[in-house]
Every structure is written in structure tokens, then in C-alpha cells.
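Enquirer: Submitted below is the structure of interest, expressed as C-alpha cells.
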Amino acid sequence: MKLRYNNAVHTPGLKWAQTSRFWLFFLITLLILGLAGGLLLTVFKPQEAWFSSHFVEIDLTPETPPTQSWAYYGPAVAEVTPTAMPTSIPPTATPMPFIPNAYIDSDVTFIYYAQWGDTIKAVARHFDANPEDIDSPSPLQEDGLIIPGQLLIIPNPFGNIPPAQLLMPDSEVVYSASAADFDVKEFISNAGGYLSEYAEWNGRLGWLSGAEIVELRAQENSINPRLLLALIEYQSGWVYREPGGLVHNNYPLGYANDERMELGQQLKWAIDMLLTGYYGWRDGSVLEVHMADGYVLRMAPGLNAGTAALQYFFGQAYNYENWSQALNPTLGFPALYERMFGDPWQRAAQVEPLYTPSLAQPELTLPFERDVIWSFSGGPHGAWDQAGAWGALDFAPNSNVPGCVPSDEWVLASAPGLVIRSDRNTVVIDLDGDGLEQTGWNIIYLHVINDNPIPPGTIVQRDDKLGYPSCEGGIATGTHVHMARKYNGEWIAADGPFPFVMGGWQAYAGGQPYDGHLARGSKIILANLNAYTETFIVRTQDDP
């Protein structure tokens, strides 16, 4: 088993003195060569230096298994065998990876057919238009979702641009029902590559295998583990073989940063990029890809969020030429993904759309006891980490002492449901009770401590006690509880088509994460890390 600790790979049985002398000699040699020819910059510069050249066009069709030369620093494409398709997916499902008429441009207008998840505000940003200038034969809602397939007539500010090539379904980016039965450990073990022998020290959890790290990151961030494995394989070859060279060994996701050499940190960076592209496209805040070589590309307005996530991710590591190759549907990452896992569009046909305009949030109450003063300490911000959807709200118990101090105020269940996760200071309640975090509504509570955690499988009722607020389970500057919502695996923005409402209080985002306010009728409660009168919120006897 390969063990990584303190940025070094440890193989049991080796003599450390011999290993140290070898690496000392190697580093001295590398330093001399670097001073002479700038090799160090080529290897470690976190831009185009080690990704910008030497790409091989590989035939990835099933008839001709791909091969890979390790004589260069770049994507590592391995020979793979697709996994068997789930029996629930009919072989006759019709994939839809390319919609050439998603929009038809002319000199003056776009004719655009709305995709699921579209809002009028996001579409206006995608097309660089004002919402009031968008027309349709059918009525358009200012808030909420547009009906999929609804025709929109939009002014064309771009001139002639190519149609959108859809490369990845949304359900293959988020941890949706399409991956609910996917066994990460079994897949990695059967692949038999470096990842199957890898282990890494985690300060909270101890030694974790490569599969456990992938599972942990996928679960916490609600991102599809298939996508993570395919990116690892494309960038470094870890899934099916041994890494070729120091770059592939140290940076399995392609992020050349010496402070993020472990798999867990590399995955964190990759997930941040994917979520930024996915949810940024969803709400219209991300419209461009900034390449590693400084090239800036405006995204085609007809993309789906899943494709935007891939474009954004590869833009962080590659120059424009190599970015284009990575996204080539027949020679690049999409082809490798299909060879590893089968046709993603067939799986998507069974689970998408992930939500429809008729979706409504179940009734939720404030997560604390009545007649107790709490503070609204955080407006809409990152649902899990800082990247991605602003889906979370924070509440802090009243205290005369700032910072991370113990509290005896209870965090209560805001709705009845089934506890499906209760560890690492996190409680997840599945509101549809099917036991799957990838389906239906799920409410996530973070920073919850409890000497006797509620066992998974427990059915809780509204107002049942979950634990106490704290700073445990993540980065925090003060005692609080962090709440977020998922539906079918996608984080739901607190201020979006399905607003976060608790006890009649609706959340509104501010200009920055954690800013914003709650409103109920004419009453306003401001969000602020520092508690004062305008941030106080009380669940009264008259409240739900």
C-alpha cells in the first residue's frame, strides 16, 4: 500500500536513509538543471508550463483501445473497460449530448429553447441581455424557473457564434440518483491502479484509503464520484496504472501547488473549480473561462451547467489549445469518461430534469426552541465549502462571550424525516425517507455536537433535538449551526427559484457571501457575524 504523509510517499519496508540520500541527490541534480535551463519553472509553475505542450491524439473508440506515452507532462489517458450499465437503464434510451438548435442566431436575435433549471435572470446574463428585453409567445415569470422547451426571443449582442456543444449531463456532475448505487471502492479495486494502493493521513479521521478520500469528498460536496475518478484518470492515470513522473505523482488532479500535493487537497481544488463553474453558470454569475495562459473565452449561451463545469475546470489548468483538446468529445475527456462508465446521457435520461418549475420546498421551521434569542449570523453563502451555490444560512445562539464557546441551546429538526448521516458534526435528514442522500429533499446541519449522536436510520419529528451548535466539524469563528438544502443531489440556492424559508422567514442574499437578510412581511432581520439587535431572531409561541 502506498502511504502519503507530510507530502512524501511512504512504502513500508524501504530504508529511510537510502531513500533520503537518493532524493537529496535527485533534488540537487534538479536544481542544477533548473538553474541552467529553467527546468524548475517548467515542472512547478502552476500555469501552462507543464500542461501546455506534448499532447497526443489518442483513438478512444472501443475498437482501438487508447495508449499513452509518459514522456511528457500532461493528461494521462489510460486503457479502460467501461463498467456495466445499471439494469434500470433501457438499452434503447436516447442520448442527447448535442443540441445543434438549442439556439439559432441571426444578426439581430437568438431563438432559444429553455433548458431545465433556467431562470429569466440567468438566461439574460448568459446572452448578455436585459431580462425585460427577452420575449416569448408564452408568459414569463420574473422569478422562478422557465418551463423547459419554452421558446425565448433574445436580442443578439454577439453576432455569429457557434452552437453549444453539450458534453456532460448535469446529473453526472452533482451526486444525483444516477450514482446512488455506484460502488467507489469496488470500482477502484477492480481498476487495480495506483489509487487502489494509496493511503493518506487525515488530521480528523486518521489514515484513509484512496477510495475513502474520493467517497468523502464526493459525499460532503455532493459531487458525482464517477466524475472525480475520471478526472483523476485523465490528469494523472492513478485509477488504472502507476503515475508517470513526479508531476503525475504529486498532483493527481493537475494543480501544481506544493501546499496541495495530497489527493484530498487536489480533490478539494478540483471540486471547487467544478462547483464554481456549475453553480456559477446556473445563476449566471460565471460567464467566462479564464485560461491558464491568460486567454479569456466567453461561454456559449446555450450550454448546460454540467458542460460549463467541465469548461471552467479545464480552463484553470490549460492554455486554450490544450483546453480545446481536453474537451474534444471524441478524443478528449468526454470520450474517456464514456469508456470508463458507459454513456452518461443514457443515465441522465432516467433522472433528469433534477427539478421542475413546480417544485416547492417543504415547510421548515426555525431550528431552535421557542422564546429563545438567537442571531442570524450568516446570510446566503457556500452550501458546504465557499465555492458553489450560496445555499447555506447560519444561526448563532445568544452569548455574552464571542468566539467558539460551549452552548446549551439545542439545535432542533426543522422538519420530520429520516436521519441518514450523523457523524463528523454533521446531521443529514432525508425528508422523503427513502434513505438516499441523492434523491428528494435533504436538510444538512453542520457544526452540531452531541455526546450521543442520533444513529442513522432514526426517524425524527419536527422539533426533535439533534445536538448543540459549536465550531466543530469545519472552519468557524464562532459557535453556530450551518444549514443547507439539497434536492436530488443539487445544492439549492437560498435566494433563488426555491427560496430558503423557515417559519415564514425568507432568505435574501447580499452582495457578498454571508451578507443578506431574512424577511417576513414588513419585518427584516439582518445577517451579521457580530450579534446586535437587528440580527436577533426569536421563534415565538405563535410561530410554526
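Enquirer: If we scan the range 448-459, do we find a residue that is crowded, with 21+ Cβ neighbours inside 10 Å and at pLDDT 95 or above?
Expert: Here is the first cut: in the range 448-459, the residues crowded, with 21+ Cβ neighbours inside 10 Å are 448.
Remaining after also requiring at pLDDT 95 or above: 448.
Yes; the residues of the range 448-459 include at least one that is crowded, with 21+ Cβ neighbours inside 10 Å and at pLDDT 95 or above.
Enquirer: In the range 155-175, which residues are modelled with pLDDT of 90 or more and either over 29 Å from the mean Cα position of the chain (by Cα) or not small (Gly, Ala, Ser) (or both)?
Expert: Of all residues in the range 155-175, those modelled with pLDDT of 90 or more come to 166-175.
Passing the criteria: 166, 167, 168, 169, 170, 172, 173, 174, 175.
Enquirer: Condition check: in the same structural domain as residue 282 (by TED's automatic domain parsing) and out of contact with any His (no Cβ under 6 Å at 6 or more places or on another chain). Does residue 334 satisfy that? Don't jump to the end; show me each part of the working.
Expert: On the way: in the same structural domain as residue 282 (by TED's automatic domain parsing): yes; out of contact with any His (no Cβ under 6 Å at 6 or more places or on another chain): yes.
In short, yes.
Enquirer: Only one of these conditions is not met by residue 467: (1) assigned by TED's automatic domain parsing to the domain that holds residue 393; (2) more than 29 Å from residue 117 (Cα to Cα); (3) assigned to a loop (DSSP other than H, G, I, E, B). Which number is it?
Expert: Unmet condition: (3).
Enquirer: Being in contact with a helix residue (DSSP H, G or I) (Cβ under 6 Å, 6 or more places away or on another chain) and not hydroxyl-bearing (Ser, Thr, Tyr): is that true of residue 228 here?
Expert: On the way: in contact with a helix residue (DSSP H, G or I) (Cβ under 6 Å, 6 or more places away or on another chain): yes; not hydroxyl-bearing (Ser, Thr, Tyr): yes.
The answer is yes for residue 228.
Enquirer: Turning to a different aspect of this structure: Determine which single condition residue 474 fails, assuming it passes every other condition in (1) in a loop (DSSP other than H, G, I, E, B); (2) crowded, with 23+ Cβ neighbours inside 10 Å.
Expert: (2)
Enquirer: Given the condition in contact with a Ser or Thr (Cβ under 6 Å, 6 or more places away or on another chain) and over 30 Å from residue 407 (Cα atoms), answer yes or no: does some residue in the range 324-343 qualify? So that I can check it myself, show each step before the final result.
Expert: In the first step, residues of the range 324-343 are kept if they are in contact with a Ser or Thr (Cβ under 6 Å, 6 or more places away or on another chain); the result is 341.
Imposing the further condition that a residue be over 30 Å from residue 407 (Cα atoms) reduces the set to 341.
Yes, that holds for at least one residue.
Enquirer: Can you work out which of the residues in the range 486-525 that are over 29 Å from residue 171 (Cβ atoms) and of a type in the set (A, V, I, L, M, F, W, C) is farthest from the chain's Cα centre (by Cα)?
Expert: Out of the qualifying residues, it is 524.
Enquirer: Here's a follow-up. Check 484, 493 and return the single one that is within 25 Å of residue 176 (Cβ to Cβ), touching a residue at least 24 places away in the same chain (Cβ under 8 Å) and part of a loop (DSSP other than H, G, I, E, B).
Expert: That would be 493, the only listed residue that is within 25 Å of residue 176 (Cβ to Cβ), touching a residue at least 24 places away in the same chain (Cβ under 8 Å) and part of a loop (DSSP other than H, G, I, E, B).
Enquirer: Go through the range 185-236 and count every residue that is of a type in the set (A, V, I, L, M, F, W, C) and surrounded by fewer than 22 Cβ atoms within 10 Å (Cβ to Cβ).
Expert: Initially, the range 185-236 is screened for residues of a type in the set (A, V, I, L, M, F, W, C), giving 187-188, 191, 195, 199, 201, 205, 207-208, 211, 213-214, 216, 218, 223, 227-232.
Then keep just the ones that are surrounded by fewer than 22 Cβ atoms within 10 Å (Cβ to Cβ); that gives 187, 191, 199, 201, 205, 207-208, 211, 216.
Residues that pass the stated criteria total 9.
Enquirer: Regarding the range 262-281, can at least one residue be identified that is more than 28 Å from residue 119 (Cβ to Cβ), modelled with pLDDT under 95 and over 17 Å from the mean Cα position of the chain (by Cα)?
Expert: yes
Enquirer: Restricting the first residue to the range 382-400 and requiring it to be aromatic (Phe, Trp, Tyr), which pairs with a second residue that is surrounded by 21 or more Cβ atoms within 10 Å (Cβ to Cβ) and in a loop (DSSP other than H, G, I, E, B) meet a Cβ separation below 9 Å and a spacing of at least six or different chains?
Expert: Pairs found: 384/222; 390/383; 390/493; 390/494; 390/496; 395/366; 395/367; 395/368.
Enquirer: Just to be sure before I move on: is residue 285 more than 21 Å from residue 175 (Cβ to Cβ), touching a residue at least 24 places away in the same chain (Cβ under 8 Å) and buried (at least 23 other Cβ atoms within 10 Å of the Cβ) in the structure I sent?
Expert: Details: more than 21 Å from residue 175 (Cβ to Cβ): yes; touching a residue at least 24 places away in the same chain (Cβ under 8 Å): yes; buried (at least 23 other Cβ atoms within 10 Å of the Cβ): no.
The answer is no for residue 285.
Enquirer: Could you grab me the full set of residues in the range 304-320 that are surrounded by fewer than 24 Cβ atoms within 10 Å (Cβ to Cβ) and part of a loop (DSSP other than H, G, I, E, B)?
Expert: 316, 319
The values are calculated or read from the model by the stated rules, or taken from the named source; none is laboratory data. Because the structure is predicted, anything quoted here is derived from the model rather than measured. Heads up, the Cβs are rebuilt from the backbone with ideal geometry, glycines too, and the neighbour counts pull from every protein chain shown.
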